[in-house]
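Written out below as structure tokens is the structure these notes cover.
The values are calculated or read from the model by the stated rules, or taken from the named source; none is laboratory data. Predicted model only: the values in this text are computed from it and were never measured. Cβ sites come from the backbone with ideal geometry, for glycine too, and all protein chains shown count toward neighbours.
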Amino acid sequence: MCYTYGVIHLAQLIMTKRFLIVGNWKMNPLELPDAESLLHSLSNITPSLMQVTVLSCVPHVFLAPLLAQARNYSNYHVGAQDAIPGDTASATGSTSMGMLAALGVSHVLVGHSERRAAGDTDEIVNAKLRDAMERELVPILIVGEEERGKTKSYLNTVKKQLDAALDKVAKKDIDNLIFAYEPVWAVGSKAKRECTPLECAEVVGMMRDYIEKRGLKGAGERATILFGGSTDDKNIRGYLDEAGVDGVLVGRASLDPRMIGLMLRVAEDVATQAEASE
Ligand code: PGA
């Protein structure tokens, strides 16, 4: 139930607990030197992380230079925030999934609530996800309800988003994507409040059951599921410790080198303790 890598030790296969911490920089920063210095500030921390992988999803205009810069750093990956499916050359102003793949991008966010609000329907999310997978990009599929009422309808909302996004995705391919639960009411500067680890755990548990049925045997347990929504250095431990997630998707806090640095240290600490207690 975590971001796992198989590590061979003395002919024994040991699964090491890993967390994935993804930064969603959104439309920040304004200028390349600031983007380079943000990446550089984290590169001092990442070599000391044994059980945490770091991925920054950066604006398209910074992808090429930051990919080149990150090649000099260990344990640090650069991904994209969006792209469109297909090969049509008549799409002024757009970037295709194929272009991301050709550039050497490994991961791309799909279905973020801000993209959904800008017009990405469930069908578009599905098309983006499938095209990304065909190009061997790893999509990070983001789902989450807009509101939480008194009923449990939010569970159905998330299920429906999963149904639509995974339409025509083969069972075996379910292992090749990353999931993120982001309740929209807890995301961004307009967040109403934080989601509690318990509230998160309920939805993530449902998602694992769903993925188990949708993928090959054991897919639910194997799936990498992140939580996103106002995460910071204070609340990250609760999510990693109590909510059954394999990492977090960080928006605003990912732009503050001190804050994201602290978050990475907490993640390393939780992973180390979890492994020691196994
Ligand atoms: P936030 O954003 O951490 O600022 O709430 C999360 C996201 O939009 O992915």
Exercise. Within segment 251-269, identify whether any single residue is surrounded by fewer than 24 Cβ atoms within 10 Å (Cβ to Cβ), modelled with pLDDT of 95 or more, closer than 22 Å to Ala80 by Cα and charged (D, E, K, R), and answer yes or no.
Key: yes
Practice problem: Give Lys150, Lys160 a once-over and let me know the one that is assigned to a loop (DSSP other than H, G, I, E, B), surrounded by fewer than 20 Cβ atoms within 10 Å (Cβ to Cβ) and either more than 16 Å from the ligand (Cβ to nearest atom) or within 14 Å of the chain's Cα centre (by Cα) (or both). | Solution: Lys150
Practice problem: Working only within segment 80-95, note down all residues that are in contact (Cβ under 8 Å) with a residue 24 or more places away in the chain and out of contact with any His (no Cβ under 6 Å at 6 or more places or on another chain). | Solution: Ala80, Gln81, Asp82, Ala83, Ile84, Pro85, Gly86
Practice problem: Could you look through segment 39-65, keep only residues that are in contact with a Pro (Cβ under 9 Å, 6 or more places away or on another chain) and farther than 18 Å from Met259 by Cβ, and pick out the one that is surrounded by the most Cβ atoms within 10 Å (Cβ to Cβ)? | Solution: Phe62
Quiz prompt | Single residue of segment 193-245 satisfying the filter (under 16 Å from the mean Cα position of the chain (by Cα) and aromatic (Phe, Trp, Tyr)) that is nearest to Arg265 (Cα to Cα) | solution = Tyr239
Quiz item: Out of all the residues in segment 247-266, is one or more touching a residue at least 12 places away in the same chain (Cβ under 8 Å) and acidic (Asp, Glu)?
Solution: no
Quiz item: So, in segment 102-127, of the ones that are within 19 Å of Leu63 (Cα to Cα) and crowded, with 19+ Cβ neighbours inside 10 Å, which residue ends up farthest from the ligand (Cβ to nearest atom)?
Solution: Val105
Quiz item: Of (1) at pLDDT below 95; (2) polar (S, T, N, Q); (3) surrounded by 12 or more Cβ atoms within 10 Å (Cβ to Cβ); (4) over 23 Å from Ala180 (Cα atoms), Gln69 satisfies all except one. Which?
Solution: (1)
Self-check item: Flag for Ser254 being in a loop (DSSP other than H, G, I, E, B) and within 16 Å of the ligand (Cβ to nearest atom)
Solution: no
Self-check item: In segment 178-226, residue nearest to the ligand (Cβ to nearest atom) [restricted to those that are within 21 Å of Leu109 (Cα to Cα) and hydroxyl-bearing (Ser, Thr, Tyr)]
Solution: Ser189
Practice problem: Consider Gly93 carefully, then state whether it is assigned to a loop (DSSP other than H, G, I, E, B) and closer than 28 Å to Leu39 by Cβ. | Solution: yes
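Being part of a helix (DSSP H, G or I) and in contact with a strand residue (DSSP E or B) (Cβ under 8 Å, 6 or more places away or on another chain) is the filter; apply it to segment 227-251 and report the residue that is farthest from the ligand (Cβ to nearest atom).
For segment 227-251, the residue satisfying everything is Leu240.
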